Amino acid sequence: MKKVKHLIVLTINIAFAFFISVNVNAQENYKGVSKADSLRTYPGGPSYNVKTYPSQFKRTHPKNVILMIGDGMGTAHIYAGLTANHGDLFLSNFHYSGFSRTQSSDHYVTDSAAGGTALSTGHKTLNGALAVDPQQKTIETILEMAVKKNKATGLVSTSSITHATPASFIAHQASRGSYEDIALDFMKTNFTVFIGGGYKHFHDRKDGKDLIPELEKKGYKVLRSMEEIQKVKSGKLAGLTADEHNPRYPERGDMLPQSTHKAIDLLSMNPKGFFLMVEGSQIDWGGHQNDTRYIVDEMLDFDRAIGQALDFASKNKETLIIVTADHETGGFSLLDGNMKTGMVKGAFTTGDHSGVMVPIFAYGPGAEEFSGMMENTEVAKKIIDLLQLKK
């Protein structure tokens, strides 16, 4: 009888572990390496026009900061994009550049949660942890500091908004997989705009809570489509454009550049300035899948979002834009390419993250602070200092 009971308990435990694993990993199903050789080469195609913007600014310290994170974006990813766009990117307007060392507190190779936390707080933490230190003590983020200074704040992502990188700016959790707890953390900070996927973590929850009415009670327009989002002229916005992740480019259309433009439009109405984080999430996913085409498509989409930020900052003259990555993905290298046709032939050393340094680019007042080699934590510390968030 005891053996039967033991077997029943063991079976229940295995089933529960499987259930938890399936649910936690549902948002990580982009990590399968493709074995199709055809996906190693981007065949080329038409280019888009890139404007050149002046580097003349009103002040030495920025009033606004736009932090743009190309998840998984290394130098090869950028050069693949540049080649595919026939030799030019909006990123070419950034005259200050450097490199970031990405190691987490417990691993030579970071994950997006620890990498995001370094960029959002100025502190290193354990892989998998969000805005908590290695002892799981809460660390205040740039976004939370900016809210206290009455600045407008926002997050934009092509992934679920509860995924590791955007979550690291608003949530305090020991595990990046705690998506419903992360959604609850969104309710605790009075920030202005967020646009991304993840509707189910607010609405279709295992605990039975529906956070959508609560968001509306807090003054957010909760919208599901880019068409609706584009019509918003003022106020607080919760754009939840997919149940979980948004589709890859080009299936999702111009969601990222449009969301970047809309977020800037709404945030710039605040006379005290703003902080915005924009993530090109799926550059990382192309690296995980060892898919050069995926990387190039996402890199170019991210660059067009950078163009939207530049268009605003060049006219505003009080806005600092920083473009960087949380880590490199894929150990991506370029074997061949053609600037005239846009063809890129890539190769990979891993289906996961690598430990190499990632680039930093800066444009606007204070851009000179982001030159040279630095720890990833220095990016956040410099933003906090330039925006005077601790004074």
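Each reported figure results from applying straightforward, stated rules to the coordinates on display, with no laboratory input. These numbers come from a predicted model, not from an experiment. Here the Cβ positions follow ideal geometry from the backbone for every residue, glycine too, while neighbour counts run over all protein chains shown.
The relative contact order of the chain comes to 31 percent, based on Cα pairs under 8 Å that sit 6 or more residues apart.
For Thr292, what is the net charge nearby, where nearby means another residue's Cβ is under 12 Å from its Cβ and Lys, Arg count +1, Asp, Glu -1? Every neighbour counted, the sum reads -2.
The HN-Hα couplings worked out from phi for region 100-105 by the Karplus form 6.51 cos²θ - 1.76 cosθ + 1.60 (θ = phi - 60°) are 10, 8, 9, 4, 8, 6 Hz, whole numbers, x standing for Gly and Pro. Taking a sphere under 13 Å around the Cβ of His245 and counting the other residues whose Cβ falls inside, with K and R at +1 and D and E at -1, yields a net charge of -4.
Among 166-177, 276-287, 34-45, 344-355, what's the highest-first ranking by average C-beta atoms within 10 angstrom per residue?
276-287, 166-177, 344-355, 34-45
Here the chain carries DSSP beta bridges of which approximately 35% are antiparallel, counting only pairs with both residues inside. Of the DSSP H helices in the chain, those that are both long (alpha-carbon extent of 15 Å or more along the helix axis) and hydrophobic (Kyte-Doolittle mean at least -0.5) are 2-25, 255-267, 292-316, 376-386. Ranking Thr110, Asn190, His163 by how far each Cα lies toward the positive end of the dipole of the chain (charges on Cβ) leaves Asn190 at the top. About the centre of its Cα atoms, region 41-386 shows a dipole size close to 1240 debye [charges on the beta carbon of Lys, Arg (+1) and Asp, Glu (-1) only; nearest 20 debye].
Report the Cα centroid-to-centroid distance between region 283-333 and region 344-391 in angstrom, as an integer. When both Cα centres are located, 13 Å separates them.
Here the Karplus relation 6.51 cos²θ - 1.76 cosθ + 1.60, evaluated at θ = phi - 60°, turns the backbone of region 237-251 into coupling constants of 9, 10, x, 10, 8, 7, 4, 10, 7, 6, x, 6, 6, x, 4 Hz, with x for every Gly and Pro. Computed from backbone phi, the HN-Hα couplings of region 91-96 come to 4, 5, 6, 8, 9, 10 Hz, rounded to whole numbers (Karplus: 6.51 cos²θ - 1.76 cosθ + 1.60, θ = phi - 60°; Gly and Pro given as x).
Going by average Cβ neighbours within 10 Å, how do the peptides 358-364, 103-109 rank, with the highest at the top?
Highest mean packing first, the order is 358-364, 103-109.
Selection among Asn290, Ile360, Tyr30 by position relative to the dipole of the chain gives Ile360 as farthest towards the positive end (Cβ unit charges, Cα centre).
Annotation: amide H of Ser354 within the under-5 Å range of Glu328, Thr329, Gly330, Gly331, sequence separation 5 or more or interchain, hydrogens built in the peptide plane. Cβ crowding within 10 Å ranks Lys58, Lys31 as Lys58, Lys31, fewest other Cβ atoms first. From most to least packed by mean Cβ count within 10 Å, the peptides 381-388, 316-323, 135-142 give 316-323, 381-388, 135-142.
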